[in-house]
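Heads up, the thing below is written out as structure tokens.
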Amino acid sequence: MNNDSKKLLSANEAVAAGAAQAGCVVASAYPGTPSTEILENIAKFKDTVRCEWAVNEKVAMETAVGASMAGARALTAMKHVGLNVAMDPLMTFTYVGATGGMVVVSADDPGMHSSQNEQDNRNIAKFARMPMLEPSDSQEAYDMVQAAFEISEKFRVPCMLRLTTRTSHSSSLVDLGDFKPAPHPLIPYVKDITRTIPVPMFARGQRLAAQKRAAAMSAAASESPFNRIERGDDSLGIVTSGIAYQHVKEVFPEFSVLKLGWTNPLPKELVAKFASGVKKLLVVEELDPFLEEQIRAMGIKVVEHETELNMLEMNPDRLQNLRHEILGDVGPARAVRSDSSLPTRPPVLCSGCGHRSVFYILHKLGATVTGDIGCYTLGAFPPLNAMDSTICMGASIGNAAGMRKAGLKGRICAVLGDSTFFHSGITGILSAHYNGTPVTTVVLDNRITAMTGHQDNPGTGKTLAGDPAPVTEIADIAKACGYRKVVKVSADDLAELEKVLVDAMDGDEGALIIAYAPCRIAAKLTKEGLCEVDSEKCKACGACFKMGCPAMTRGAEIRKGAYQMKIDPSLCAGCKQCSQVCKFGAIRRIR
């Protein structure tokens with residue numbers, strides 16, 4: 001092994017390098033933790049890979065499908081909930097079949113570190129009848145993405161590479177070998193509507209072909225080097241995959257292991273062979289009993305246990321408790337003691353964030369607020385307390401329309417970010433307008449995809465590769481959808497913002513409000529200015545604390561339970577929002 005070829009990479013970085021090495025020609029994705037860094041790192045190979053941020057995962061999938069149909073190797077990457085958005089093209093393309101190798105990276109989030117749900121997308125691979133590889137470290141991520149292109153072309157079907165948060169973000173040494181990224185030669189395009197236009201008369205035959213292909217893939221999985229038996233003490237055999245393999249090797253190091261890397265279709269011959277050579281069989285996997293249910297369906301007895309393994313993220317402590325239960329040769333893992341006297345530290349909107357004022361005003365106006373996925377979800381928590389729902393990308397508008405249709409009285413407002421608006425908000429405002437539902441929608445326009453790490457979108461004027469791009473104006477889209485009431489207002493002007501919101505929510509027609517303020521971090525405005533409190537004027541009324549700005553701290557207690565506000569100069573961004581809620585003129589900007 002050449003030491004010069006070794007690099008410390010996260011699995012996301014390794015996937016990017018492996019895709020470039022495999023000759024990927026087109027890569028399209030929508031950012032979402034834990035998958036975001038895959039495309040950001042593929043962009044480093046822009047001389048050989050044409051990469052882009054799509055407006056949503058469905059479009060990203062469709063772009064990769066088109067590239068594959070044209071004979072190019074293509075990759076699309078998304079977090080687990082993003083694959084839900086892309087299911088429509090995926091489920092049909094598994095019938096149509098790949099020409100150029102196509103890899104679908106699904107980055108699941110066990111434990112919901114940055115997600116609104118926890119789902120096991122291995123089930124989608126099985127549902128779609130597509131092969132699936134699961135790396136357990138960065139080296140396997142690098143090797144498997146290259147193999148995935150080969151598997152895709154061999155069986156003419158997209159191949160899933162399933163990561164989890166722990167593999168995506170953990171780093172380990174990767175031997176890149178003879179690393180020479182270059183586009184893979186295109187497979188010549190041949191028009192064949194019996195394959196690429198799955199109307200019922202053609203799709204029926206494709207359905208039969210998909211079934212035959214699954215059998216061939218199962219046989220290939222049994223022979224794959226990514227599936228291997230590691231012999232040890234045969235009194236217990238453990239079937240495992242992905243990151244769970246690393247935990248098994250730590251907690252059950254002496255026992256025989258069937259390490260599965262190609263997990264769909266299940267390599268049944270290999271599983272049966274392994275099971276026949278051990279006295280007891282245990283299945284250890286993260287999230288759903290995906291492997292266990294299939295193994296039990298083969299008639300193979302699996303060790304039952306009470307230790308919970310099928311929800312939240314796997315860790316060595318949980319496996320130690322499992323070992324304690326089934327073997328009794330170790331004690332249970334020690335519970336981590338928490339000190340209840342320590343204050344909680346929930347996440348908050350950044351100092352100077354333009355989203356804060358919108359939620360402050362909406363709460364003040366007593367509005368029911370349907371929210372969305374983004375930084376602004378934090379508007380639900382104290383002291384803003386201004387959001388009533390968060391379901392999925394773009395759902396805020398449909399939720400608000402549904403509430404209005406159901407007869408909910410009072411002020412109702414949908415709130416979403418600019419990138420989310422481009423992702424799936426346009427269809428929401430169009431549907432509300434078409435159906436005559438008077439929904440007020442506020443787009444929090446900070447001109448960046450902030451929550452996932454400041455990625456560009458159609459409103460930023462730049463592509464993923466950093467090239468200039470046309471700027472799409474949200475107001476123009478709303479007007480094109482038929483909205484007459486389209487207002488753009490500074491999120492830092494609280495008086496005007498309140499006036500606009502009252503007019504919109506109390507009106508009898510749909511309205512779209514664009515509350516604009518740059519993301520302070522992305523625009524490097526975190527030290528744009530500084531405010532201070534005049535202690536002679538501050539009456540400790542507490543009004544400013546309702547903004548929830550992290551730059552605000554308690555100052556002197558001037559009466560029991562009433563504290564003056566102080567501004568931490570290391571955190572203040574000089575937005576002056578707090579000065580606008582002070583009735584006594586106690587807050588002023590000093591630079």
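Return the inverse of the average 1/r over all pairs of distinct C-alpha atoms in the stretch 438-524, which is the Kirkwood hydrodynamic radius, in Å to one decimal. Display every interim value, and only then the final one.
Details: mean 1/r = 0.0711 Å⁻¹.
After inverting the pairwise mean of 1/r, the radius is 14.1 Å.
Suppose a student asked you for the relative contact order of the chain, using Cα pairs under 8 Å spaced at least 6 residues apart; what percent would you report?
Numbers: 1320 pairs, mean separation 62.9, N = 591.
In percent, rounded to a whole number, it is 11.
Quick check for you: which residues of the stretch 402-417 have the amide N under 15 Å from the point 7 Å beyond the Cα of SER389 toward its beta carbon?
402-416
Could you please report the charge total around CYS159, scoring K, R as +1 and D, E as -1 over all other residues with beta-carbon less than 15 angstrom from its beta-carbon? Please list the in-between numbers first.
Values: positive: ARG73, ARG122, LYS126, ARG129, LYS154, ARG156, ARG162, ARG213; negative: GLU134, GLU140, ASP143, GLU150, GLU153.
Around CYS159, the surrounding residues sum to +3.
Can you compute the radius of gyration and Dmax for the stretch 354-516, using only the Cα atoms, both in Å?
So, for the stretch 354-516, Rg and Dmax equal 14.6, 48 Å respectively.
Indicate, rounded to the nearest 5 percent, the antiparallel portion of the DSSP beta bridges found entirely in the stretch 228-326. Intermediate results must be reported in sequence, preceding the final value.
Details: 3 of 13 bridges.
Given both bridge residues lie in the stretch 228-326, the antiparallel proportion sits at roughly 25 percent.
Under a Cβ-Cβ cut-off of 15 Å, what is the net charge of the residues other than PRO185 that fall near it, where Lys and Arg count +1 and Asp and Glu count -1? Walk me through the numbers on the way to the answer.
Values: positive: ARG73, LYS180; negative: GLU150, GLU153.
After counting each charged neighbour, the total is 0.
Going by average Cβ neighbours within 10 Å, how do the peptides 67-75, 553-561 rank, with the highest at the top?
Numbers: 67-75: 25.6, 553-561: 10.4.
Per-residue Cβ counts within 10 Å, averaged per peptide and sorted highest first, yield 67-75, 553-561.
Can you compute the modelled spin-label distance between GLU496 and ALA70, with each label point 7 Å from Cα toward Cβ, in nm?
Once both label points are built, they end up 4.4 nm from each other.
How large is the Rg to Rh ratio of the stretch 174-242 when both quantities use alpha carbon positions and Rh follows Kirkwood? Display every interim value, and only then the final one.
Values: Rg = 20.2 Å, Rh = 17.3 Å.
In the stretch 174-242, Rg relative to Rh is 1.17.
For GLY574, list long-range residues whose amide hydrogen, built 1.01 Å from N in the peptide plane, is under 5 Å from its own amide hydrogen.
Under 5 Å from the amide H of GLY574: GLY529, CYS531.
Quick check on packing: order 390-397, 322-329, 88-95 by the mean number of other C-beta atoms within 10 Å, highest mean leading. Please list the in-between numbers first.
Values: 390-397: 23.1, 322-329: 14.9, 88-95: 18.5.
For the peptides 390-397, 322-329, 88-95, the packing ranking is 390-397, 88-95, 322-329.
Restricting to bridges with both residues inside the chain, how much of the DSSP beta-bridge set is antiparallel, in percent to the nearest 5?
Details: 20 of 73 bridges.
Antiparallel: roughly 25 percent of the beta bridges in the chain.
Taking the Cα atoms of the stretch 228-326, what is the range of coordinates along each of the three principal axes, in descending order and whole Å?
Largest first, the stretch 228-326 extends 32, 26, 22 Å along its Cα principal axes.
Beyond 33 Å, what percent of the Cα pairs of the chain remain?
Working: 91912 of 174345 pairs.
In whole percent, the share of Cα-Cα pairs in the chain beyond 33 Å is 53.
Explain nothing, just the number: relative contact order of the stretch 460-582, from Cα pairs under 8 Å at least 6 residues apart, as a whole percent.
Working: 153 pairs, mean separation 25.7, N = 123.
Once divided by the residue count of the stretch 460-582, the mean separation gives 21 percent.
Over the alpha-carbon set of the stretch 3-223, divide Rg by the Kirkwood Rh and report the Rg/Rh ratio to two decimals.
Values: Rg = 16.3 Å, Rh = 17.1 Å.
Result: Rg/Rh = 0.95.
Please give the net charge around THR368, taking every other residue with its beta carbon less than 14 angstrom from that of THR368, where Lys and Arg add +1 and Asp and Glu add -1. Mind dumping the intermediate values first?
Working: positive: LYS364, ARG404, LYS405, LYS409, ARG411; negative: ASP388, ASP506.
Net charge around THR368: +3.
What ranking, highest mean first, results for peptides 232-241, 453-462 when packing means the other Cβ atoms within 10 Å averaged over each residue?
Details: 232-241: 20.5, 453-462: 18.5.
For the peptides 232-241, 453-462, the packing ranking is 232-241, 453-462.
Based on the Cβ-Cβ distance from SER276 to ASN123, what FRET efficiency comes out when R0 is 25 Å, to the nearest 0.05?
Values: r = 27 Å, r/R0 = 1.10.
Here the calculated transfer efficiency is 0.35.
Given only helices, namely DSSP H runs of n ≥ 4 each adding -39500 (n - 2.57), what is the per-residue ellipticity at 222 nm of the chain, to the nearest 500 deg cm²/dmol? If you can, show how the numbers build up before the last one.
Numbers: 20 runs with 198 residues, N = 591.
Helices in the chain give a 222 nm mean residue ellipticity of -10000 deg cm²/dmol.
Rule-based calculations on the coordinates, nothing more; no lab input. Here the structure is a predicted model, which means the values were calculated and not measured. Don't worry about glycine lacking a Cβ; one is built from the backbone with ideal geometry, like all the others, and counts go over all protein chains shown.
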